[in-house]
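Here's the structure, in structure tokens; my notes come after.
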Amino acid sequence: MLSNFFVAVGAVVPLFCLMLMGVFVKRSKLMTDEELVHTNRMVFRVFFFCMMFFNIYTTDLASTVRPKLMLFGAGGVLAVALIATLLVCFFEPSNKRRGAMIQATFRSNFVLMGIPLVGNIFGDDHLAIPTMMIAIIVPIYNIVSVFILETFRGGRFYLPGILLGVLKNPMILGALTAVAFLVLGIPVPKPVLKPIGQVAAATTPVALIILGASFKGGSFHAHLPQLVACVLARLLIVPGIMLGLAIFLGFRDMELITLLAIFASPCAVAGFAMAQQMGSDADLAGNCVVYTSAFSCLTLFGWVLALKTLGLF
């Protein structure tokens, strides 16, 4: 039992140490808000591209592609979004809050929190499978989020424009570029591949530090019931149902932890920006990010400990 405890500690604590460094950076005023915005943009456009490209280019695609895992992950996200929409529409009368609540329930911070969680458990040399899942899950997050937020603000859902935006996403571009290089047999010289790998290795630490530095607390009294519902759904209810189903269907080891990363990670930071830009309740969306990220240090630890104790990885 003690060894399982230390496995869970090793999986979760490094993530929050990096985020606490970000809090220190912000409190010490080592970076201004404007500098944080620019640094975050650089990480998103350059670092994530390199991470996706390197992790996919340096792996064997034949052993990485897991159709069953991809189908379950994609279907699970869509099912959670659909069920969340039905329940939120039944219980919440405000359209402005509906979009933010639904997005907080189905859209996790898989890239920033989930990928390093898998790396802390299995090692950074085993990130090919969760990285490949990014290319499946992230487009679904983006498309469904736009559809939901546009619907509840009475806007127009324009699929071609959304798909073009998805293709311009640096993570998707990195994955597509790597696959193209592999399929076409284009070699990347070692002097070029090495710095790409170094940037890829720095992606998670830098991104988590920036995430910690970017957190801002806000008043939650006006939407406390909605916030509590979103936190419980994101961290306990959704992972409880989806992981239980995954275990029943036979997912184990790396595949199961990848699903844990998808369904048990806190709310996506991008969800706040989208809610703000698309007329949803940005205060509620922002608080969902802050409080699910804070409480996930406990819930992720609990999920990892429970799965390890049950001998599922």
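The values are calculated or read from the model by the stated rules, or taken from the named source; none is laboratory data. These numbers were taken from a predicted model, which means no experiment stands behind them. Here the Cβ positions follow ideal geometry from the backbone for every residue, glycine too, while neighbour counts run over all protein chains shown. For the accessible areas, the whole protein counts, side chains as well, though only heavy atoms, and no ligand, DNA or RNA atoms are used. Shrake-Rupley method; radii C 1.70, N 1.55, O 1.52, S 1.80 Å.
Taking one quarter of the surface of the C-alpha convex hull of the chain gives a mean projected area of 16.6 nm².
Over the chain, accessible surface divided per residue gives 47 Å², non-protein components excluded, 1.4 Å probe.
Could you order the peptides 176-185, 137-146 from most to least packed, using the average number of other C-beta atoms within 10 Å per residue?
Output ranking for 176-185, 137-146: 137-146, 176-185.
Sorted from longest to shortest, the spans of the Cα atoms of segment 52-162 along the three principal axes equal 48, 31, 23 Å. A compact globular protein would have a Cα radius of gyration near 2.2 N^0.38 Å; the ratio found for segment 117-158 is 1.73. For segment 211-313, the Cβ-based charge dipole about the Cα centre amounts to some 140 debye (Lys, Arg positive; Asp, Glu negative; other atoms uncharged). Among PRO130, PRO191, PRO67, the largest mean-square fluctuation in a Gaussian network model of the chain (Cα springs under 10 Å) belongs to PRO191.
Normalising the Debye intensity of segment 272-311 to I(0), with uniform scatterers on Cα atoms only, and taking log10 at q = 0.18, 0.26 Å⁻¹ returns -0.58, -0.77.
Which of the pairs LYS96/LYS308; LYS68/LYS308; LYS68/LYS168; LYS68/LYS194; LYS68/LYS96; LYS26/LYS308 have their Cα atoms more than 30 Å apart in this structure? In this structure, LYS96/LYS308; LYS68/LYS194; LYS68/LYS96; LYS26/LYS308 exceed 30 Å between Cα atoms.
Would you calculate a helix-derived [θ] at 222 nm for the chain, using -39,500 (n - 2.57) for each DSSP H run of n ≥ 4 and dividing by the full residue count, to the nearest 500? After summing the helix terms and dividing by the residues of the chain, the value is -25000 deg cm²/dmol.
Please sort 263-275, 87-99 by packing, taking for each peptide the average over its residues of neighbouring beta carbons within 10 angstrom, highest first. Before the final figure, lay out each step's value.
Numbers: 263-275: 24.5, 87-99: 16.8.
Top of the packing list down: 263-275, 87-99.
I need the Debye-formula profile for segment 231-313: one equal scatterer per C-alpha, no solvent, reported as log10 I(q)/I(0) at q = 0.21 1/Å, two decimals. Computed log10 I(q)/I(0) values: -0.90. Overall dimensions of segment 157-249, expressed as equivalent-ellipsoid semi-axes from the Cα gyration tensor (√(5λ), whole Å, largest first), are 36, 21, 18. Within the chain, helices built from complete DSSP H runs that reach 24 Å or longer along their own axis (Cα positions) and carry a mean Kyte-Doolittle hydropathy of 0.0 or higher are 2-27, 67-91, 128-152, 190-214, 282-309. Charge dipole of the chain (Cα centre as origin; +1 on each Lys and Arg Cβ, -1 on each Asp and Glu Cβ, all else neutral): 260 debye, rounded to the nearest 20.
Which three semi-axes in whole Å describe the equivalent ellipsoid of segment 214-270, each the square root of 5 times a Cα gyration tensor eigenvalue, listed largest first? Walk me through the intermediate numbers first.
Numbers: eigenvalues 164, 37, 6 Å².
Values for segment 214-270, descending: 29, 14, 5 Å.
Taking all protein chains as present, what is the carbon and sulfur share of the accessible area of segment 201-313, in % to the nearest whole number, probe 1.4 Å?
Details: 3110 of 4330 Å².
The value for segment 201-313 is 72 percent carbon and sulfur by accessible area.
Please find, in a Gaussian network model of the chain (springs between Cα atoms separated by less than 10 Å), the residue of PRO116, PRO195, PRO170 whose mean-square fluctuation is greatest. Most flexible of the set in this elastic network: PRO195.
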